[in-house]
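Below is one structure, written out as structure tokens, with a few remarks after it.
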Amino acid sequence: MSIQEQAQHLEQLADQVPTGIALATKSELEDLQARVLGVLGATGTATAVQGAIQLALHQIDELAASLENVRGQIQDAARHHLQG
């Protein structure tokens with residue numbers, strides 16, 4: 001496999017990093033949070049559930065950033081291959 005083919009393959013692999021899953025999960029949790037508030041109203045239980053959801057959302061943000069970092073590292077490797 002030539003250097004150029006390796007770089008192209010790395011670019012394809014970078015596109016396969018599942019960044020969309022984290023964003024989709026975050027969106028679903030945000031929707032769930034609104035529905036919980038709608039069911040429970042402004043109660044202590046709703047506050048506890050929303051706190052748990054907020055923590056999960058924060059962790060998803062961190063995961064999404066980590067996945068973007070993985071993608072960027074693979075893209076950097078592809079560019080490095082092309083530069084020789």
- Can you check what the Kirkwood hydrodynamic radius comes to for segment 38-84, Cα pairs only, in Å to one decimal? 13.5 Å
- What is the extension gain from Ala52 to Met1, computed as 0.36 nm multiplied by their sequence separation minus the C-alpha to C-alpha distance, in nm to one decimal? 13.5 nm
- the chain: C-alpha pair distances exceeding 16 Å, %: 62 percent
- Message: For Cα pairs less than 8 Å apart in space and 6+ apart in sequence, what is the mean separation divided by the residue count of the chain, i.e. the relative contact order in percent?
- Response: 58 percent
- Message: Positive end of the dipole of segment 3-83, charges at C-beta (+1 Lys, Arg; -1 Asp, Glu), about the Cα centre: which of Gln12, Leu63, Thr47 has its Cα farthest in that direction?
- Response: Thr47
- Item | the chain, helix-only ellipticity at 222 nm - DSSP H runs n ≥ 4, -39,500 (n - 2.57), divided by all residues, nearest 500 | -31500 deg cm²/dmol
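Values in this text are rule-based calculations from the coordinates and carry no lab data. Everything numeric here is computed off the predicted structure, so don't read it as measured data. Backbone-built Cβ (ideal geometry, glycine too); neighbour counts: all protein chains shown.
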